Amino acid sequence: MRVLVTGSTGFVGHALVKRLIDIPSVTPIAGCRRANTVDFGCETYVLGDLTEPVNLTERLRGVDVIVHTAARAHVLNVGDPLAERAEFESVNVAATRRLAIAARRAGVRRLIFLSSIGVHGDRTENPFTADSPFDPRSAYAHSKAQAEAALQEVLAGSDTEWVVIRPPLVYGPNAPGNMQKLLGLVLRAPPIPLAHVNNQRSLVALPNLLDLVLTCATHTEAAGRAWLVADGVDLSTPRLIRELADGMGRPARLFPMPMSWLKALGKVTGRAGTISSLTDDLQLDIQATRERLGWKPVIRPEPVLRHTAAWFRHQRRY
């Protein structure tokens, strides 16, 4: 089985390529936007900039499965909300559409798209399922919802099957974004006013996400559906901070503050979104993934969180 991974220099894509190399029945192909010096230890395709009209059809012939991890998750130095949304739509929507068109023309058997749980919203009263209504609250999440729709539209009625995976925050060594910000906060070890926060948040360790991707590459039930993935063990923010602090070998300096004060602090400092992400619930119901795909998480979160924290502290020593 020839499996092409787009975004192979990214956090998830690079790890997936390395995982595929260890599977004898798989020929991995690292898909990159441009030629680079990364030695993946496998075949490499230079795909070009997918935001531009490039002809990928011939390049994709003979590929059985594409795992599309390439995406823009952050836009830096863009103060204009319209420009920010346009940037996300160019990379996450238009590029996905072009890839799907080329995959269909080339006869690729299956295209797996890594979306985001953010398409359903950024907080829960009841755990999200794959059938929960869409309610994207950020330009990034909105672009992922649009990309899902484009993927399904392009591949409808074709021999190329689509699969969507919607993860929450993905963590592991070298994780970018909010996980890296939280690791930096724990490493600096200031007093953190979250001791009495009793929220529940679903996360997914990188090994668990990769394992589901591999399942979706071959499982007959996976095609034509979206799947939620998580560790199966939800954590409160204080517990998450304690696990990370333990991995760094330092105390978690948590102290209590009333929730009303926390919310007010967020408004005054312009960080209401950050406070919400640290105090709100965000839970995923992965029962359908377990039952229909016969899948279960391969590792609990605690050892991966501690390993991630230990790695982060080691990196900051140099």
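Here are the numbers:
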| item | result |
| --- | --- |
| Over the chain: helical MRE at 222 nm, DSSP H runs n ≥ 4 each giving -39500 (n - 2.57), nearest 500 | -12500 deg cm²/dmol |
| Taking the convex hull of Cα positions in the chain, its mean projected area over all directions (nm²) | 16.7 |
| Between segment 280-310 and segment 38-111, the alpha-carbon center distance in angstrom | 27 |
| Sequence-separation-based contact order of the chain, relative, with Cα cut under 8 Å and 6+ spacing, percent | 16 |
| Cβ-based exposure ranking for MET179, MET259, in which fewest neighbours within 10 Å come first | MET259, MET179 |
| Sparse-neighbourhood loop sites, trypsin sites (Lys or Arg not before Pro) in segment 1-52 - DSSP loop, at most 16 other Cβ within 10 angstrom | ARG34 |
| Shape category assigned to segment 213-318 from the gyration tensor of Cα positions, a/c cut at 1.5 | oblate |
| Dipole-positive endmost among SER90, ALA195, VAL3 within the chain (Cβ charges, Cα centre) | ALA195 |
| Neighbourhood net charge (10 Å Cβ-Cβ; Lys/Arg +1, Asp/Glu -1) for LEU187 | +4 |
| Distance in nm between pseudo-label sites at ILE299 and THR218 (7 Å out along the Cβ direction from Cα) | 2.1 |
| Chain lengthening between GLU125 and ARG188 when straightened (0.36 nm per residue, less Cα-Cα) | 19.4 nm |
| Volume in Å³ per residue [convex hull over Cα atoms, computed for segment 2-166] | 129 |
| Amide H contacts of ASP281 (H built 1.01 Å from N, under 5 Å, at least 5 apart or other chain) | THR124, GLN200 |
| Cβ-placed point charges (K, R +1; D, E -1), dipole of segment 2-166 about Cα centre in debye, nearest 20 | 380 |
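Since every read-out is calculated from the coordinates, none of them should be taken as a lab result. It should be emphasised that the depicted structure is a prediction, and the values quoted were computed from it without experimental measurement. Using ideal geometry, Cβ is built from the backbone for each residue, glycine included, and neighbour counts are taken over all protein chains shown.
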